[in-house]
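To start, the structure under review is shown below, and the notes come after it.
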Amino acid sequence: MKYIEKLLNGAEVQWMPLGEVFETRNGYTPSKANNDFWTNGDIPWFRMEDIRESGRLLNDSIQHITPQAIKGKGLFRANSIIMATTATIGEHALLLVDALANQRFTNFQIRKSLSERISPMFAFYYFFVLGEWCKSNVNTSSFPSVDMARLMKQLFPIPPLAVQEEIVRILDKFTTLEAELETELDCRKRQYEYYRNQLLSFDMLKRGGAKVK
C-alpha cells in the first residue's frame, strides 16, 4: 500500500464504472455448416485453447475465419481485451490484432473518449483483479455466467498515464521472471525425469546382460 502511495506521489486516481470505460460486445461462432465462413480464412478467431497454447497476448489463432463470417459491428479491435464470461470464467487476454472470438468471451474496448488516458496493458493487468471478481459473482441458474449487470458497475481506476506505464513496466518484469522460472522448473523436471528413468531402469540392465548382485 505504501509503495503505490509513493508511486502516485499525491496524484489523484479517478474511478469510473466499467460500463463507462469500455464498450462491450459478445463473441460468436460462425456457422460451421457454411464453408464460406472458414475455408482459406485468415482472420484470427480465438477460443480458450488459444490462451492455453499461446498465452494472454494474442496475435494469431489456431482457427481462422473469412470476411464473410463477420457480422454486426465488425472485428474486435487490436488493444482490446477478451474475457471469458461463461464456462472458464475470468480468463482473459489482450488482442494484438483485429480479430473475433467465440461466445465464451466478452470483448472490452476502451472508449474513444478515454483512449488517450488508459494504457491497454494497464487495463490488461487490471483485468486480473476483475477476473477474480467474476469468479465470485456467477449466475448459476442454468449455464454458469458472469453477472454482467453488476460487473459493468464495478469501478475501474484511472491513475495518471505515467503511473500506469510504471505499473506496467514493473509487472512486465515480474511476468518475464515468472516465465523464466517456469522454464527453469520445466528443465529441472525433465532432468529429474531423465535421471529417475536412468536410476530405475533395472530391466534395461538385465536385458543388457549386466548382473545385479
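The values are calculated or read from the model by the stated rules, or taken from the named source; none is laboratory data. Owing to the predicted nature of the structure, the values given are computational and were not obtained by experimental measurement. Cβ sites come from the backbone with ideal geometry, for glycine too, and all protein chains shown count toward neighbours. These accessible areas exclude ligands, DNA and RNA; they are computed on the full protein's heavy atoms, side chains included. Shrake-Rupley method; radii C 1.70, N 1.55, O 1.52, S 1.80 Å.
Per-structure values
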{"quantity": "Net charge over other residues, Cβ less than 11 angstrom from the Cβ of residue 29 (K, R count +1; D, E count -1)", "calculated": "+3"}
{"quantity": "Computed helical MRE - 222 nm, the chain, DSSP H runs ≥ 4 contributing -39500 (n - 2.57), nearest 500", "calculated": "-12000 deg cm²/dmol"}
{"quantity": "Helix axis angle, 120-135 relative to the chain longest principal axis, alpha carbon, degrees", "calculated": "80"}
{"quantity": "³J(HN,Hα) computed for each position of the stretch 60-73 - Karplus, 6.51 cos²θ - 1.76 cosθ + 1.60, integer Hz, glycine/proline x", "calculated": "7, 10, 6, 10, 10, 10, 9, x, 5, 7, 7, 9, x, 8"}
{"quantity": "Largest-first principal axis extents of the Cα set of the stretch 1-97 (Å)", "calculated": "57, 28, 24"}
{"quantity": "Calculated P(r) of the stretch 114-159 - Cα pairs past 12 Å, %", "calculated": "66"}
{"quantity": "Longest to shortest principal axis, alpha-carbon extents of the chain, angstrom", "calculated": "79, 56, 36"}
{"quantity": "Probe 1.4 Å, protein heavy atoms only - accessible area per residue of the chain in square angstrom", "calculated": "63"}
{"quantity": "Ordering of 150-162, 130-142 by burial proxy (mean other Cβ atoms within 10 Å per residue, highest first)", "calculated": "150-162, 130-142"}
{"quantity": "For residue 16, residues with placed amide H under 5 Å, excluding near neighbours", "calculated": "156, 158"}
{"quantity": "Rg(Cα) / (2.2 N^0.38 Å) computed for the stretch 41-162, rounded to two decimals", "calculated": "1.06"}
{"quantity": "Calculated P(r) tail over 17 Å for the stretch 55-111, as whole % of Cα pairs", "calculated": "36"}
{"quantity": "Most mobile listed residue (79, 40, 59) in the chain, GNM with C-alpha springs under 10 Å", "calculated": "40"}
{"quantity": "C-alpha long axis of helix 161-199 to longest principal axis of the chain, angle in °", "calculated": "20"}
{"quantity": "HN-Hα J in Hz across the stretch 31-42 - Karplus 6.51, -1.76, 1.60, θ = phi - 60°, x for Gly and Pro", "calculated": "4, 5, 6, 9, 4, 5, 7, 10, 5, 6, x, 10"}
